[in-house]
Amino acid sequence: MPRYEYTVVPAPKKPGKIKGVKGTDNRFAAELSRLMNDYGADGWEYQRTDTLPCEERQGLTGRTTTFQTMLVFRREIKDLTTEPLPEVPLVEAEPTLAVPSFGATAPAPAIAAAAPEGEAPALGPAEPPTPDGTTRAPDIAAQ
């Protein structure tokens with residue numbers, strides 16, 4: 001079953017001047033033809049003209065109802081499937097870091113441990129532990 005999208009545009013209220021066309025009714029018809037041909041060139045098919053009420057402000061507190069004439073166009077949606085795509089649940093992947101060799105990726109290391117609400121997380125040691133299990137402070141003077 002085909003699916004359609006619609007667009008609605010206001011009908012022209014005052015026809016423009018067209019060289020060689022005389023009379024309001026002929027200029028109005030030429031203006032409508034131009035508008036319909038422009039939309040038709042983009043794949044839109046004319047459906048109908050509707051006149052609908054529209055409430056507008058008048059002054060500070062007043063309201064008045066006017067009637068707007070609208071042209072309705074439609075075109076078929078061109079997609080490969082006519083059935084709606086199933087919803088796929090989002091799965092959060094583990095963050096990865098790019099490895100310099102050949103663009104491979106590796107899991108990102110955990111940098112901070114979880115902290116209670118309102119406290120800063122505890123950061124891991126600046127240097128890897130030594131074989132005896134102690135850590136040493138980085139040598140700032142050597143850097």
Just to be sure, is residue 43 exposed (fewer than 10 other Cβ atoms within 10 Å of the Cβ) and either in contact with a helix residue (DSSP H, G or I) (Cβ under 9 Å, 6 or more places away or on another chain) or farther than 15 Å from residue 11 by Cα (or both)?
no
I'd like the full set of residues that are acidic (Asp, Glu) and either out of contact with any Pro (no Cβ under 7 Å at 6 or more places or on another chain) or farther than 24 Å from residue 52 by Cβ (or both), limited to the stretch 1-41.
5, 25, 38
Within the stretch 34-80, work out how many residues are over 26 Å from residue 18 (Cα atoms) and in a loop (DSSP other than H, G, I, E, B).
7
Checked the stretch 1-32 for anything surrounded by fewer than 11 Cβ atoms within 10 Å (Cβ to Cβ), free of Cβ contacts under 8 Å to residues at least 60 places away in the same chain and either of a type in the set (A, V, I, L, M, F, W, C) or assigned to a helix (DSSP H, G or I) (or both); matches are 24, 25
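Values quoted throughout were computed directly from the atomic coordinates according to the rules given, and no laboratory measurement underlies them. Everything numeric in this text was worked out from a predicted model, so none of it was measured. Reconstructed Cβ throughout: ideal geometry from the backbone, glycine too, with neighbour counts over all protein chains shown.
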